[in-house]
Amino acid sequence: MAFIQYAVIGLGRFGSSLSQELTQLGHEVLGIDRDEEKVDEMSDKLTHTVVADATDEEVLRSLGVRNFDCAVVAIGDNIQASIMAAILLKELGVKTVVAKALTDQHAKVLEKIGVDRIIFPERDMGVRVAHQLVSPNLLDY
Ligand code: ATP
């Protein structure tokens, strides 16, 4: 398995779970959140953590985010912040940008920006669980 550097923006339920799992899988993870409490909770679980506003271009530049292989925008509720962070990550040249979407409209904008992969956590998990219920022997879908 290749060693990959990930930046995860937004350490809510989705972002914190994702970033912890990536770390446990042996990857380097930078977790970013503007909420100091969220960052404190994750500081001993991830390779690096920082309190920062991911909609600020200078902040992303100074963190060297463009050198990361993959960045995940795990901001949900604040659609404007999610879109702004995704635009900046693409502009900075991050190879793979993944983003979480809450609505179809949100996803459409992310797609137009050029986000490489869009995730609907609840919707995707619903599909996955349905498949697991139908085929209980299927461990991973
Ligand atoms: P989840 O369901 O994963 O808990 P959510 O859909 O409720 O998340 P939000 O609460 O909007 O999503 O965002 C998740 C995290 O992103 C929060 O911890 C929030 O502080 C962080 N966040 C929001 N905007 C920014 C920003 N501009 N820069 C950095 N972090 C941000």
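Read-outs throughout are calculated quantities, based only on the coordinates presented, and are distinct from any laboratory measurement. Keep in mind that this is a model prediction, so the values were computed, not measured. Note that each Cβ is placed from the backbone with ideal geometry, even for glycine, and that neighbours are counted across all protein chains shown.
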Rounded to the angstrom and largest first, Cα extents along the principal axes for the chain equal 49, 35, 30
On the Cα set of the stretch 12-59, report Rg and Dmax in Å, please. 10.5, 30
Between the Cα axis of helix 79-92 and the main Cα principal axis of the chain, the angle (0 to 90°, nearest 10) is 70 degrees
Nearest 10 degrees is fine. How inclined is helix 104-113 to the longest principal axis of the chain, computing both from alpha carbons? 50 degrees
Could you count how many Lys pairs in the chain have their Cα atoms under 23 Å apart, skipping same-chain pairs fewer than 8 positions apart? 9
Spelling it out for GLN5: with amide H atoms placed in the peptide plane at 1.01 Å from N, the residues 5 or more places away or on another chain with amide H under 5 Å from its amide H are ASP69, CYS70
For the chain, modelled as a GNM with alpha-carbon contacts under 10 angstrom, which of SER16, SER82, SER43 fluctuates the most? SER43
If you average over every viewing direction, what projected area does the convex hull of the Cα atoms of the stretch 76-141 give, in nm²? 5.0 nm²
At what distance in nm do the modelled label points of GLN105 and ARG123 sit from each other, each positioned 7 Å from its Cα along Cα→Cβ? 1.4 nm
Going by amide H atoms built from the backbone, whose H comes under 5 Å of the H on HIS27, apart from near neighbours? none
To the nearest 10 degrees, how steep is helix 13-24 against the longest Cα principal axis of the chain, on a 0 to 90 scale? 90 degrees
